[in-house]
Every structure is written in C-alpha cells, then in structure tokens.
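The block underneath contains the structure these notes are about, expressed in structure tokens.
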Amino acid sequence: MKHHHDHHGEAGFKRKVDYLDRPERKELLSPAEFIQAMPINKTDTILDLGAGTGFLTIPAAKLVDNTVFALDLDSKMLELIQKKALDADLTNVEVLEASMEEIPLEAGSISIALASLVLHEASSLMDVLSEVNRVVKVGGYFACLEFDTKGTDLKGPPMEIQISAEKLERELGKVGFELVKNWELAEGMYVSIARKKRETNRE
C-alpha cells in the first residue's frame with residue numbers, strides 16, 4: 001500500500017507547511033550542514049526523497065549547478081517547491097510526483113540522494129533502499145535524517161515504524177551501501193550517511 005497524505009483542506013496543508021518549515025528544524029540541523037556532510041561538487045545531481053516543502057531541495061539547488069529532483073506524492077507540496085525555486089531564481093529544480101518505492105529516474109543518474117524524516121513513512125524500507133541503490137551511481141551517497149527508536153521524545157512517529165540507526169545500516173548494507181558517517185542529534189534524531197560501493201566489491 002502506498003502512503004498518501006491527506007491534508008484535510010487548505011488549513012491542514014498550511015499547518016503541515018508551517019510545521020515542516022519551522023525555525024527550530026533549521027536549528028537542529030541546518031540543511032546546508034546536512035548536505036555538506038558529504039563531498040559535494042557543483043556537477044552533482046541530487047534527489048530529495050519526500051521533499052515536502054523543499055527544506056533540503058532549495059538549499060541543495062544553491063550548492064550545485066546540476067539538477068536537484070524534488071520527489072513527493074503531494075502535488076501541492078511540489079507546487080510550493082516550484083514557487084520557492086522561482087522566488088530564489090533557481091532554474092535547476094525539477095519536481096517529480098511519485099513514490100519513493102518507484103522513482104521515475106534512470107539507473108545511476110543520481111550523485112546524492114537525501115531523505116529527511118520520510119523513510120519511516122515507506123510501506124517497505126527495502127523497496128525504497130533498493131530504488132535508491134538503483135538510481136544512485138557507484139561512489140554516490142545517500143544521506144538520511146531519521147528518528148531513532150532509542151528516542152523517548154514523543155515528537156517522532158509511532159515507535160513501531162521508527163527505524164533505528166543499526167537497522168538502517170544493516171538494510172543499507174544489503175543493497176550495497178556502506179555507512180561512512182553517523183551522528184546523533186537532539187530530539188531523538190540521527191543522521192546516517194552511506195556511500196554506494198563498487199559493484200565488484202560486494203562481499
């Protein structure tokens with residue numbers, strides 16, 4: 001089953017946008033700091049999974065000359081991202097209305113894939129990671145911000161759908177990614193950064 005958002009009309013949509021764009025989120029982890037935790041080049045092509053309000057899409061588009069793809073199931077969120085890109089004079093943002101389990105991009109076309117607080121929404125984590133592995137080129141990166149199951153903070157999603165850092169590392173390993181960096185943030189969150197190993201290096 002695919003995960004769809006229902007905003008309950010305009011008010012619900014605005015509430016969600018306000019929540020996703022709240023200043024505290026930037027204080028916890030600045031988007032630029034998150035993206036620059038990996039070696040980033042002007043020529044990189046970036047994919048923002050479950051892009052939401054463009055919290056990562058817009059800062060990423062300022063850091064590279066190539067395309068930044070914003071993928072989300074919610075067409076209204078994508079319209080908002082397009083408006084933000086226009087306001088910031090960014091011409092390298094492209095929106096994709098699609099699910100994380102079926103990314104409409106060619107294999108090996110992405111240098112860096114980003115996922116901020118969206119992996120727990122997937123109906124199948126392995127399906128998403130397999131797709132990430134398909135679209136990210138060898139030597140490319142996947143950076144993820146998630147709630148840890150260790151967190152006692154109630155701001156996160158229900159405990160049963162949270163993904164521990166250990167589980168994420170294990171599942172990423174199965175699809176050919178190697179963890180290169182992991183650190184904990186406040187509010188029971190963590191960041192994991194993994195690199196796609198050469199196909200020949202598979203154990």
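Overview of results
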item	result
Residues that are of a type in the set (Val, Ile, Thr) and either closer than 18 Å to residue 35 by Cα or touching a residue at least 60 places away in the same chain (Cβ under 8 Å) (or both), drawn from the stretch 174-196	180, 191, 193
Failed criterion for residue 118 (all others in (1) over 13 Å from the mean Cα position of the chain (by Cα); (2) surrounded by fewer than 24 Cβ atoms within 10 Å (Cβ to Cβ) hold)	(1)
Matching option when the condition is in contact (Cβ under 8 Å) with a residue 24 or more places away in the chain, aromatic (Phe, Trp, Tyr) and either over 19 Å from residue 122 (Cα atoms) or open to solvent by 40 Å² or more (accessible area, probe 1.4 Å) (or both), among 34, 69	34
Single match in 119, 96 (criterion: aliphatic (A, V, I, L, M) and at pLDDT below 95)	119
Residue identified as touching a strand residue (DSSP E or B) at 6+ places or on another chain (Cβ under 7 Å) and over 22 Å from residue 185 (Cα atoms) among 85, 11, 37, 107	85
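The values are calculated or read from the model by the stated rules, or taken from the named source; none is laboratory data. Note that the structure is predicted; figures quoted are calculated from it, not measured. Positions of Cβ are backbone-derived with ideal geometry, glycine not excepted, and every protein chain shown enters the neighbour counts. Only protein heavy atoms, including side chains, enter the accessible area calculation; ligands, DNA and RNA are left aside. Shrake-Rupley method; radii C 1.70, N 1.55, O 1.52, S 1.80 Å.
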